[in-house]
Amino acid sequence: MSASSQTISLRLFGAGGAFSRRYGTTCSMVTLRDGKRWLIDCGRQAPDQLYAAGYAWHDIHGQIITHCHGDHVFGLEDFAFVRYFETHAEVMASSRGGPLPKYVSHSAVRDEVWETLAPSLRYVQDGRGNLRSGTLQHFFQVIPPAAVEPPRKNPWNHAEAFEVDGLRVVTRENEHVPGKPSCALELHVGEDPRDPRIAWWSGDGVVDPAFLHSIEPRTSIFFHDCTFIDYPGQVHGFFDRLEALPEAVRRKLVIMHHEDNLELYRPRVEAAGFRIALPGHVFDLVAGQQML
Ligand SMILES: [Zn+2]
Ligand SMILES: [Zn+2]
């Protein structure tokens with residue numbers, strides 16, 4: 001565990017979109033003030049991204065998931081199995097009594113995550129002959145929300161808030177694929193619990209200018225997924241819509257989850273005042289500045 005630091009940082013392992021080969025699928029590591037490491041999403045390339053960056057699953061305290069698409073969750077099976085079966089350094093395998101990694105997501109997202117993982121993870125015996133009794137709780141300590149905001153358009157809660165081991169995060173539904181549970185994240189970055197400052201992470205979703213504008217005064221940094229393709233039935237942050245955001249939002253905004261032809265658009269991206277996230281970049285979530 002690293003020494004404590006005065007800030008909360010976010011390091012991108014993968015910064016590309018769903019089909020990116022050059023920038024990798026989504027997985028980022030948030031390091032809290034006490035040195036605990038949490039992952040935001042765990043895409044299909046996450047096991048190799050962590051390894052390449054010099055980390056093991058046993059270095060990770062917890063996992064946050066925004067929504068259930070392969071570029072965000074297909075690394076989870078590897079995470080679950082390795083922690084369950086393998087002992088690494090002083091961290092015992094969870095099947096032998098070692099600590100479970102923590103798991104945070106909106107409950108509607110969690111249900112879909114389990115649908116994805118169940119065909120691999122449910123084969124845990126319960127001692128009474130049931131060969132399929134595995135649950136997400138066998139592999140992760142699933143954190144319940146500390147507070148919820150009731151449903152609006154969809155049948156699930158509009159937002160669920162979590163407070164665990166120094167992490168304070170709100171998972172709030174965003175507009176991604178219609179009818180599909182998906183959330184943006186509001187990571188509380190102030191040292192004082194009354195400090196409303198957040199770092200905002202879009203997950204995957206379309207641009208919501210009114211909402212982004214409304215939270216800008218208390219937001220130190222925005223990370224927004226970005227596409228340069230005007231797909232019919234757009235489900236991502238179309239760049240033309242990001243470009244039209246108020247300047248106060250744009251100068252705090254980092255684009256991520258972008259396509260491999262990003263460099264074609266760099267002049268336009270930088271002219272609008274955005275920063276670009278690439279694999280290996282590290283951001284100070286309190287100051288809103290890039291560190292590496
Ligand atoms: Zn995605
Ligand atoms: Zn998605």
Return yes or no: is Glu175 more than 16 Å from ligand 2 (Cβ to nearest atom) and more than 14 Å from the chain's Cα centre (by Cα)? no
The listed residue being at pLDDT 95 or above and more than 21 Å from Ala93 (Cα to Cα), out of Leu167, Leu136: Leu167
Criterion violated by Val124 - all others in (1) among the β-branched types (Val, Ile, Thr); (2) free of Cβ contacts under 8 Å to residues at least 24 places away in the same chain; (3) buried (at least 17 other Cβ atoms within 10 Å of the Cβ) satisfied: (3)
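What number of residues within the range 1-59 are more than 16 Å from ligand 1 (Cβ to nearest atom) and assigned to a strand (DSSP E or B)?
Pass one, the range 1-59, residues more than 16 Å from ligand 1 (Cβ to nearest atom): 1-11, 29-38, 47-48, 50-59.
Adding the requirement that they be assigned to a strand (DSSP E or B) leaves 9-11, 29-31, 37-38.
Residues meeting the conditions: 8.
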Are any of the residues in the range 23-46 farther than 25 Å from Leu285 by Cα, surrounded by fewer than 17 Cβ atoms within 10 Å (Cβ to Cβ) and modelled with pLDDT of 95 or more? no
Sole exception among (1) more than 16 Å from ligand 1 (Cβ to nearest atom); (2) in contact (Cβ under 8 Å) with a residue 40 or more places away in the chain; (3) surrounded by 13 or more Cβ atoms within 10 Å (Cβ to Cβ) for Val113, by number: (1)
Residues being farther than 23 Å from Val249 by Cα, outside any strand (DSSP E or B) and either open to solvent by 30 Å² or more (accessible area, probe 1.4 Å) or aliphatic (A, V, I, L, M) (or both): count how many of those fall in the range 157-181. 7
Taking the condition polar (S, T, N, Q), on the phi < 0 side of the Ramachandran plot and without any contact (Cβ under 8 Å) to a residue 60 or more places away in the chain, does Ser105 pass? no
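State all residues of the range 71-105 that are more than 16 Å from ligand 1 (Cβ to nearest atom), part of a loop (DSSP other than H, G, I, E, B) and open to solvent by less than 40 Å² (accessible area, probe 1.4 Å); if no residue qualifies, say none. Walk me through how you get there before you give the answer.
Going through the range 71-105, the residues more than 16 Å from ligand 1 (Cβ to nearest atom) turn out to be 77-104.
Now narrow it down to the ones that are part of a loop (DSSP other than H, G, I, E, B): 86-87, 89-90, 92-93, 97-101.
Listed by number, the residues that qualify are Ala93, Gly98, Pro101.
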Does His281 meet the test of being within 16 Å of ligand 2 (Cβ to nearest atom) and either within 24 Å of Gly14 (Cβ to Cβ) or of a type in the set (Gly, Ala, Ser) (or both)? no
Within the range 127-144, residues in contact (Cβ under 8 Å) with a residue 12 or more places away in the chain and either among the β-branched types (Val, Ile, Thr) or open to solvent by less than 50 Å² (accessible area, probe 1.4 Å) (or both) come out as Gly134, Thr135, Leu136, Phe139, Phe140, Val142, Ile143
Residues of the range 218-258 satisfying the condition of being within 22 Å of the chain's Cα centre (by Cα) and β-branched (Val, Ile, Thr): Thr219, Ile221, Thr227, Val235, Val249, Val254, Ile255
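The values are calculated or read from the model by the stated rules, or taken from the named source; none is laboratory data. The structure presented is a predicted model; accordingly, all values stated were derived computationally and were not measured. Ideal geometry is used to build each Cβ from the backbone, glycine not excepted, and the neighbour counts take in all protein chains shown. Each accessible area value is taken on the protein alone, full model and side chains, heavy atoms only, with ligands, DNA and RNA left out. Shrake-Rupley method; radii C 1.70, N 1.55, O 1.52, S 1.80 Å.
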